[in-house]
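Quick notes on the structure that follows.
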Amino acid sequence: MIAISMALIHQVCSPSVARALRPRCVAAVPSRKSSTFTSPPARASPESPKVLIGLSEEELQQLAVDLGQEKYRGKQLHQLIYKRKVKEVEEFTNLPLAFRNGLQEAGWRVGRSPVYQSVTASDGTVKLLLKLDDNRLIETVGIPVEDKNSKGSVRLTACISSQVGCPLRCSFCATGKGGFSRNLQRHEIVEQVFAIEEIFNHRVTNVVFMGMGEPMLNMKSVLEAHRCLNKDVQIGQRMITISTVGVPNTIKRLASHKLQSTLAVSLHAPNQKLRETIVPSAKAYPLEAIMKDCRDYFVQTSRRVSFEYALLAGVNDAVEHAVELAKLLREWGGGYHVNLIPFNPIEGSEYQRPYKKAVMAFVAALESHKITVSVRQTRGLDANAACGQLRNQFQKNPLLADTDSSQSESAVAVAC
């Protein structure tokens, strides 16, 4: 898995809009030296700008009123941002000039970031690097799949990031090797979907929070972005998946929101000892505690948890591991779905991709114990790269302010 902060009080907005721009706090993350969670060293996030992406129709209507316009102008603004995907305030040509000038004079902007790099795999998967205001780079991936049930229809999945880098440093993940900088702001999450739609000239149908970062360490911004994607961009909640490697107390918090989206928990091991070698943060969140929280999550939301399991050759891919995993899941209620992810090799990693025979044996062992299982199709493997690698090629420190943001294309592998 891969696996976001801000502040500003402005003079012209109403309390409802001001609430939308309150500072986001960087969540606690696990220390590698203990089982407690502490804040990671990270550069401060840029101040929250006055950004229109992420605001609801009601907040945009109030903003229009605050700037001396009729309330319905806010509805027009909503259409321009979320339906027409207009990038710049000066391009809002069907709004009165006075309104456009008012927005610009008050410091408001749409909030779109330029594409710094674009790479395309032979199977059509596209990975983008977006250059943020503070010259940090984040990855987002567009994955087109032809819908076999609807001839000619294409399902377009956006695999989006929630942090700049990731502090959890799972041993097999390229993103963690690139270090952690900060949490993403709400608009920086939502705009990734817009960027994918622009590249493909196609509406995004599915969203997975499986890009860079740990969503549960940025839950406030992730939930705000989720609301926007659902209510404003109008992507159904059941078409959205939030993935986590597990952060203490956060599954309970997420359950309280009673979302209809899918929660995917990255296990990667059937027992605590092995999991700690693969996922260092697992020491702070025992497997038994995760499974209890997942069971409680289902009770509260009526939505069963999906489990992600990265198959690492010779590490966790034996039939014995599959049997142990099946017993674990059945012990905690059964009926769970396991999504197997054959490891996508990354430079400098000691892990290897398992042979297809081993993957199929793992699947058969789970199915023989009545566990529903699927194998995630690895997209773009032909170019030998993985989630986090493209960003690592270009950045572990901020880009210089005058860095050229030109795009280039080449083959790339993607495994979100």
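Values quoted throughout were computed directly from the atomic coordinates according to the rules given, and no laboratory measurement underlies them. All of these numbers come straight from a predicted model, not from anything done at the bench. Glycine also receives a Cβ, built like all others from the backbone with ideal geometry; neighbour counts cover every protein chain displayed.
In whole Hz, with x marking every Gly and Pro, tabulate ³J(HN,Hα) for segment 110-123 from phi via Karplus 6.51 cos²θ - 1.76 cosθ + 1.60, θ = phi - 60°.
With coefficients 6.51, -1.76 and 1.60, one gets 5, x, 8, 9, x, 7, 8, 8, 9, 10, 10, 8, 5, 8 Hz.
State the Cα centre-to-centre distance between segment 344-375 and segment 177-237 in whole Å.
Value for the Cα centre distance between the two parts: 28 Å.
If amide hydrogens are placed 1.01 Å from N in the peptide plane, which non-local residues have theirs closer than 5 Å to the one on A310?
H268, I341
In whole angstrom, note down how far apart the Cα centers of segment 135-161 and segment 79-107 are.
Segment 135-161 and segment 79-107 have Cα centres separated by 28 Å.
Once label points are set 7 Å from the Cα along Cα→Cβ at both S302 and Y355, what is their separation, rounded to one decimal in nm?
Here the modelled spin labels are 4.7 nm apart.
Please find the FRET efficiency linking N149 to T93, where r is the Cβ-Cβ separation and R0 is fixed at 45 Å, and quote it to the nearest 0.05.
That gives a FRET efficiency of 0.65.
Per 0.36 nm of contour for each residue apart, how much would the distance between N249 and R295 grow if the chain were fully extended, relative to their Cα-Cα spacing? List each step's numbers first, then the result.
Details: separation 46, 0.36 × 46 = 16.56 nm, distance 1.35 nm.
In short, 15.2 nm is gained.
Taking H placed 1.01 Å from N in the peptide plane, check which residues at least 5 places from Y116 or on another chain put their amide H under 5 Å from its amide H.
Residues meeting the criterion, in which the H sits 1.01 Å from N, are L129, L130, K131.
Spelling out what I want: for every residue of segment 302-316, take phi, set θ = phi - 60°, compute 6.51 cos²θ - 1.76 cosθ + 1.60 (Karplus), and round to whole Hz; glycine and proline get x.
For segment 302-316, the Karplus-derived couplings read 6, 10, 6, 7, 9, 10, 8, 9, 7, 8, 10, 4, x, 10, 9 Hz, x marking Gly and Pro.
Kirkwood hydrodynamic radius for segment 152-208: how many Å is it when counted over pairs of different Cα atoms?
12.8 Å
Provide the packing ranking of 362-374, 125-137, 232-244, i.e. peptides ordered by the mean count of other C-beta atoms within 10 Å per residue, highest first.
On the way: 362-374: 16.9, 125-137: 21.6, 232-244: 18.8.
For the peptides 362-374, 125-137, 232-244, the packing ranking is 125-137, 232-244, 362-374.
Given a Förster radius of 22 Å and the C-beta distance between S256 and R203 as r, what FRET efficiency does 1/(1 + (r/R0)^6) yield to the nearest 0.05? It would help to have the intermediate numbers written out before the result.
Details: r = 31 Å, r/R0 = 1.40.
Once the sixth-power term is evaluated, E becomes 0.10.
Go through segment 164-171 residue by residue and turn each phi into a ³J(HN,Hα) via Karplus (6.51, -1.76, 1.60, θ = phi - 60°); whole Hz please, and just put x for glycine and proline.
8, x, 7, x, 7, 6, 4, 5
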